[in-house]
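Working notes, structure below.
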Amino acid sequence: MSIGTIIIPAVMSAIIIYGLVKKVDIFECFLEGAKEGIGTSVSIMPALIALMTCVGMFKASGILDILTHALAPAARLLHMPSEIIPLAILRPISGSGAMVIFNNILNDYGPDSFIGRVASVLEGSSETTFYTIAVYYGAIKVTKTRHTLAAGLSADLTGFIMSAVMVTFFFGNI
């Protein structure tokens, strides 16, 4: 038995034991938390619907293809495979949309190809920045994100560039 199979039951047991020792009504706390979670879900729903609508319009409009074509020279300059540009564009916007593109890349080029490895590292080293901002800032009702978007997109760009650099460094350009 590995530690991974016992960690969640151990944490759950520790919470229950702590609640019993402190004489807390564990079930009532659970219900209160669930009720709060439903309220949070309802409050962030408009932001999520707007984000999903924008992603659908973005993909259906053909802008993704136009941007991919326009950014191909910059990708070549940075020694990034142009096949991952759609993934790099969509990843900060939509995790599920990026996952579809990622699966297509792995099916077309294979997971052990240079393109597949760069896509894998890119997928794992970037964030769905717009989704994260919409959900977390929406949950706490923050309307001015200040520098969050610029910082998040800068981190994503760094992850995109470094994914190709690190795959080349560790595996070469195969």
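When each of 28, 127, 83 is scored by the number of other beta-carbon atoms lying within 10 Å, the sequence from fewest to most is 28, 127, 83. Where does the Debye-calculated log10 I(q)/I(0) of region 1-80 sit at q = 0.12, 0.25, 0.27 Å⁻¹, using only Cα point scatterers of equal weight, no solvent? With no solvent term, the Cα-only Debye profile gives -0.73, -1.10, -1.13. Given a Förster distance of 41 Å, report the FRET efficiency between residue 27 and residue 168 from their Cβ-Cβ distance, rounded to the nearest 0.05. After rounding, the FRET efficiency stands at 0.15.
Within the set of other residues whose C-beta is less than 13 Å from the C-beta of residue 116, count the net charge using Lys and Arg as +1 and Asp and Glu as -1. Walk me through the intermediate numbers first.
Numbers: positive: 117; negative: 83, 108, 112, 123.
Once all neighbours under 13 Å are counted, the net charge is -3.
For region 1-44 versus region 130-167, the spacing of their alpha-carbon centroids is 29 Å. Could you state the angle between the C-alpha long axis of helix 148-171 and the longest principal axis of the C-alpha atoms of the chain, as a value from 0 to 90 degrees rounded to the nearest 10? Helix 148-171 sits roughly 60 degrees off the main axis of the chain. Taking the number of Cβ atoms within 10 Å of each Cβ as an exposure proxy, the fewest-first ranking of 100, 11, 121, 167 is 11, 100, 121, 167.
Just want to confirm a number: the relative contact order over the chain, from Cα pairs under 8 angstrom separated by 6+ residues, in percent. Intermediate values should be presented prior to the final figure.
Working: 129 pairs, mean separation 37.5, N = 174.
Answer for the chain is 22 percent.
Residues 35, 144 in ascending order of nearby Cβ atoms (within 10 Å, fewest first): 144, 35. The string of couplings for region 56-64 from the Karplus curve (6.51, -1.76, 1.60, θ = phi - 60°) is x, 5, 4, 6, 6, 6, x, 5, 4 Hz, one whole number per residue in order, with x for Gly and Pro. Between helix 114-124 and the chain, what is the angle of the helix's C-alpha long axis to the longest principal axis, kept within 0 to 90° and rounded to the nearest 10? That helix lies at roughly 30 degrees to the long axis.
May I ask you to give the average projected area over all directions of the convex hull of the Cα atoms of the chain, in nm² rounded to one decimal? Walk me through the numbers on the way to the answer.
On the way: hull surface 57.8 nm².
Averaging across all directions leaves 14.4 nm² for the Cα convex hull.
Each value in this text was obtained by applying a stated rule to the coordinates, not by laboratory testing. The model shown is predicted, which means the values in this text are computed figures rather than measured ones. Neighbour counts run over all protein chains shown; Cβ positions are idealised from the backbone, glycine included.
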